[in-house]
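First up is the structure itself, then whatever we jot down about it.
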Amino acid sequence: MDITQTLENWLKEAEFADNIAFHQLIPARNAVYEPFPISIHPSVQRVLKAKGINELYSHQAQAITSLESGENIVISTGTSSGKSLCYSIPIMNQQIDQPGTTALLLFPTKALTNDQYNNFADYAKQLPVDTIKPAIYDGDTPTNQRMAIRKSATILMTNPDMLHQGILPHHTNWVRFFSKLRFVVIDEMHIYRGVFGSHFANLIRRLKRICAFYNAYPQFILTSATIGNPEELATGLVEQKVRLIDVDGSPKGPSHFLVYNPPFVDEKLGIRKSSIDYGVIFTQKLMKSAHQSLVFARTRRTVEMLLTYLRNRLPFQERESVRGYRSGYLKSERREIEQGLKSGSLRAVFSTSALELGVDIGDLDAVILVGFPGTIATTHQRIGRAGRKQQPSIGIMIATNEAMDQYLATHPEYLVDRNPEQALIDPQNLVILLQHVGCAAFELPFSSTENFGSMSSEELARFLNLLEQSGALTRQGEDYYWLADRYPAAEVSLRSSTPNVVSLNVVEEGSQKRYIGSVDSNAARWYVHKDAIYLHDAEMYEVLVLNLDEGVCYLKPSQSEYYTIPVIDTKIIDYSLISSVGYQNFTANYGNLDLEISINTFQKKRWMTNELIGVGQIDLPPQNLHTTGFWLGISPNFVETLRNDKLWGSDPNIYGPDWNRLRQKMLLRENNTCRSCGKTFTVSELHVHHIQPFRTFADPTMANQASNLVALCASCHHKAEINVMVRSGLAAAAYALRSIAPLLIMCDREDVSLLTENRSVLNDGNPAILVYDNVPGGIGLSRKLYDLRNFWIERAIEVIQSCQCESGCPACVGPVGEPGYGGKDEALALLKGLRYG
């Protein structure tokens, strides 16, 4: 059945049609062709024609012509627009006309590397020359093949991590390759943003430095999905002038894009049915209609939940036709899944961003996004994975209950009409820069008159002197030499501030240990702390031991009824102002921060229902973070105005003059026993909890009635408070601001964090809302929000006002308890006061 007919059938179903928040048909588009430029070698033209390519798309021809004139280029066109030919043809042309010249191709994923290697290998077989020798050089390359690759490869395909740790530090083994380097291809440039992009820009500085040492000055070819600033990002990454090619001449089949907003469970509370459930339902419906689908989820945990739930719904013989795909899987597992997608033996795959790029799945009819992936550019990229052979296709984004998803469900113009976000990088981040200066010094000595990329020799000297003082460098005359007895690149992770990796090992019967994958040490604190429930390929494991020093984690198989989520605690140790603007109701501040990040507890939530059923303790040392942040300091006068209008819920509760006597009476009634867990405690270890929150009563006497009071231990009290938390205006406003921030700055959700304090050191003991870069040294994300503060506050107000709930819900101001007192009015009053200043 054609996918269009399948969609028409779905639209006849009331439950589906009634919950479509947006439906757009993007019509088919004809190609704009141009003849082969006369510079393309006749043998290359013959091979292309044998593949059915008799002419080029207009953007391909423009790219080739620009490269012939010696320019660097960035091609920013849609998914499946043939960007790879923009670099494949010039590379083959060059190596036929000038045998021995080389090209370096950098791909962000191994799946994409393998795909492009197969393409080049096929071209090499058909061309009547033996000068084109493609090779993959990455962590999976067998050791016994590496020397041969270094000696003979002319087209080297690798990834940034291998270039960083395995090639540049050993450049003397690559003299032939670097001295003849003519092209450097940076594929899928748009992913090099934030922390990763800032590291990558410094990696390119090191690459160019080594090339210049061997008297090579290659041209750069960058490809990108549609983003708001491709020319700016490309220029920032390579620090050279680039020509932008962004008029797409490729054809496109008709495609449907839909936003599905699950039906309400409780409209007053704004709670909707699970997006995960509907991801499973739609995938199963597509399978029944014989359509292959790719389902993207935001986190590893969601991928595993989707896979587990769908397999439980399928007959036993069909369960292996659906798989999960994410980082942490073994190489053999990933290759098996990629091949299954290509052959069609897999009918559905659930993936994180790991399959966003890479494998060309020509017959894929449908893509489902379980939740907004974080950026508009990523949304377009993922939806574009379907219909790559111009066949009709559909893309469905299932909105979660989170505020940003609900905002987009009511403002879909952001997804289809608005220019995609701008990718931000900061190569001058002090922490990142110092790490790469050290790596570069290991690779080649620095001269005191040398620049490092766009850094002047004077600026560079400060870093060199700092490394000299630490004992890593020694100065001899005008040159700095690496002295330390260590290999600096091994200590630098391109993707995070923690370079170490934790291996995951399952302890089986007889104490046998089975390796199942790995996570970086920063993620390990979240996913595999002691007693955590970890999912891998739909199998459940409980963590027995996490040893960060040794980089090892031991797990055991589990049949747990719950999953786990860590709870973060952030403390401000110190700060210094860089910029501050005062208004009537608040001050907007930007500055440096010293923070202490702790993960001391975790929540246990029941599968499917997400019901909180327990809280556990985590014994991990805190981490210190020096970064940058933007904070709103709320004035005492404005707080007093809100308080007088009964729109300030952040003050501590005052239970009345008889509270201590009443507390003792309640503990005596309960016989010093926790009503929830039934255990006996000392008086000091027990709390008295209001079943219905104290603040929901106008009269404290009514709130303090014995029928509304119960004795709980600290752990059970914490759980109860979370379940019935009264969202203060401060916390509610912060939730809305946090949810909308990634839409304004192109970043991952984890790149920024937010903290609210009712008595903050940042605001002389008055309330403050802080957003900070979750990256050592900061990379400019909070600075961007500081500059966009008025626009940011306006969007947060829209998030809350457009929500249909009565008093607050997860779609606007965050989780709310049974009484339904969510802080919606308080948040609006606070944000409107901040808007007008």
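Find the helices (runs of 4 or more DSSP H) located wholly in region 263-356 whose residues include 3 or more that are at pLDDT 90 or above, and list them.
Per the criteria, 275-288, 300-313.
The rows are residues; the columns are (1) free of Cβ contacts under 8 Å to residues at least 60 places away in the same chain; (2) under 19 Å from V437 (Cα atoms); (3) of a type in the set (S, T, N, Q); (4) surrounded by fewer than 24 Cβ atoms within 10 Å (Cβ to Cβ).
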position	(1), (2), (3), (4)
I186	no, no, no, no
H190	no, no, no, no
F196	no, yes, no, yes
F200	no, yes, no, no
C211	yes, yes, no, yes
N215	yes, no, yes, yes
T223	no, no, yes, no
I227	no, no, no, no
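So that you can scan it fast, the table gives a plain yes or no per residue for (1) open to solvent by 20 Å² or more (accessible area, probe 1.4 Å); (2) under 36 Å from the mean Cα position of the chain (by Cα):
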residue: L632; (1), (2): no, yes
residue: N637; (1), (2): yes, no
residue: W659; (1), (2): yes, no
residue: L662; (1), (2): yes, no
residue: M666; (1), (2): no, no
residue: E670; (1), (2): yes, no
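Residues are listed down the side, and each one gets a yes or a no for (1) part of a strand (DSSP E or B); (2) free of Cβ contacts under 8 Å to residues at least 60 places away in the same chain; (3) farther than 27 Å from I793 by Cβ:
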residue: I578; (1), (2), (3): yes, yes, no
residue: Q584; (1), (2), (3): no, no, no
residue: N589; (1), (2), (3): yes, no, no
residue: L595; (1), (2), (3): yes, no, no
residue: G614; (1), (2), (3): yes, no, yes
residue: F630; (1), (2), (3): yes, no, no
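Within region 407-414, identify whether any single residue is more than 30 Å from H380 (Cβ to Cβ) and either at pLDDT below 90 or open to solvent by less than 10 Å² (accessible area, probe 1.4 Å) (or both), and answer yes or no.
No, region 407-414 contains no residue that is more than 30 Å from H380 (Cβ to Cβ) and either at pLDDT below 90 or open to solvent by less than 10 Å² (accessible area, probe 1.4 Å) (or both).
Are there any strands (runs of 3 or more DSSP E) wholly within region 435-547 with 2 or more residues that are touching a His at 6+ places or on another chain (Cβ under 9 Å), and if so which?
Correct list: 501-507, 513-520, 539-547.
So, of the residues in region 700-717 that are open to solvent by 20 Å² or more (accessible area, probe 1.4 Å) and in contact with a strand residue (DSSP E or B) (Cβ under 9 Å, 6 or more places away or on another chain), which turns out to be nearest to N600 (Cα to Cα)?
S715
Can C805 be described as under 22 Å from the mean Cα position of the chain (by Cα) and at pLDDT below 85?
no
Could you please find all residues in region 1-36 being in a helix (DSSP H, G or I) and open to solvent by 70 Å² or more (accessible area, probe 1.4 Å)?
Q5, E8, E15
Here's the yes/no breakdown for (1) open to solvent by less than 20 Å² (accessible area, probe 1.4 Å); (2) in contact with a Phe, Trp or Tyr (Cβ under 6 Å, 6 or more places away or on another chain); (3) of a type in the set (F, W, Y):
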position: L737; (1), (2), (3): yes, no, no
position: L743; (1), (2), (3): yes, no, no
position: R749; (1), (2), (3): no, no, no
position: E757; (1), (2), (3): no, no, no
position: I769; (1), (2), (3): yes, no, no
position: G777; (1), (2), (3): no, no, no
position: S782; (1), (2), (3): yes, yes, no
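Mind checking which pairs have a first residue in region 637-662 that is on the phi > 0 side of the Ramachandran plot and modelled with pLDDT under 85 and a second that is open to solvent by 90 Å² or more (accessible area, probe 1.4 Å) and outside any loop (DSSP other than H, G, I, E, B), Cβ under 8 Å, 6 or more apart or different chains?
Short answer, once both residue conditions are applied: G656/T701.
D246 fails exactly one of the following numbered conditions: (1) out of contact with any His (no Cβ under 9 Å at 6 or more places or on another chain); (2) farther than 26 Å from P169 by Cα; (3) surrounded by fewer than 19 Cβ atoms within 10 Å (Cβ to Cβ). What is the number of that condition?
It fails just one condition, (1).
Take Q126 and tell me if it is among the polar types (S, T, N, Q) and farther than 29 Å from A440 by Cβ.
yes
From the list D115, D140, which residue is in a helix (DSSP H, G or I) and touching a residue at least 12 places away in the same chain (Cβ under 8 Å)?
Testing whether each residue is in a helix (DSSP H, G or I) and touching a residue at least 12 places away in the same chain (Cβ under 8 Å) leaves just D115.
If I go through region 672-699 residue by residue, how many of them are open to solvent by 70 Å² or more (accessible area, probe 1.4 Å) and assigned to a helix (DSSP H, G or I)?
Result for region 672-699: 3.
Conditions tested, residue by residue: (1) open to solvent by less than 10 Å² (accessible area, probe 1.4 Å); (2) modelled with pLDDT under 95; (3) over 35 Å from the mean Cα position of the chain (by Cα).
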{"site": "I75", "(1), (2), (3)": "yes, no, no"}
{"site": "S80", "(1), (2), (3)": "no, yes, no"}
{"site": "F107", "(1), (2), (3)": "yes, yes, no"}
{"site": "N114", "(1), (2), (3)": "no, yes, no"}
{"site": "N119", "(1), (2), (3)": "no, yes, no"}
{"site": "D130", "(1), (2), (3)": "no, yes, yes"}
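What pairs come up if the first residue lies in region 74-98 and is closer than 14 Å to I64 by Cβ and in a loop (DSSP other than H, G, I, E, B), the second is hydroxyl-bearing (S, T, Y) and at pLDDT 95 or above, and their beta carbons are under 8 Å apart, counting only those six or more places apart or on different chains?
G82/Y57
Considering only region 37-73, state which residues are open to solvent by 20 Å² or more (accessible area, probe 1.4 Å), farther than 26 Å from Q390 by Cα and not small (G, A, S).
Scanning region 37-73 gives I38, H41, P42, T65, E68, E71.
List pairs: first residue in region 385-405 and in contact (Cβ under 8 Å) with a residue 60 or more places away in the chain and basic (K, R), second residue assigned to a strand (DSSP E or B) and open to solvent by less than 10 Å² (accessible area, probe 1.4 Å) anywhere in the structure, Cβ distance under 7 angstrom, at least six positions apart or on different chains.
As it stands, the answer is R385/L294; R385/V367, since those pairs meet every condition given.
Y515 passes all but one of (1) hydroxyl-bearing (S, T, Y); (2) open to solvent by 60 Å² or more (accessible area, probe 1.4 Å); (3) over 30 Å from I276 (Cβ atoms); which number fails?
All conditions pass for Y515, except number (3).
Out of curiosity, is T65 closer than 16 Å to I221 by Cβ and touching a Ser or Thr at 6+ places or on another chain (Cβ under 6 Å)?
Answer is no for this residue.
Run down D426, D479 and say which single residue is acidic (D, E) and surrounded by 19 or more Cβ atoms within 10 Å (Cβ to Cβ).
Answer to the check: D426.
The values are calculated or read from the model by the stated rules, or taken from the named source; none is laboratory data. Owing to the predicted nature of the structure, the values given are computational and were not obtained by experimental measurement. With ideal geometry, Cβ positions are generated from the backbone for all residues, glycine too; neighbour counts draw on all protein chains shown. These accessible areas exclude ligands, DNA and RNA; they are computed on the full protein's heavy atoms, side chains included. Shrake-Rupley method; radii C 1.70, N 1.55, O 1.52, S 1.80 Å.
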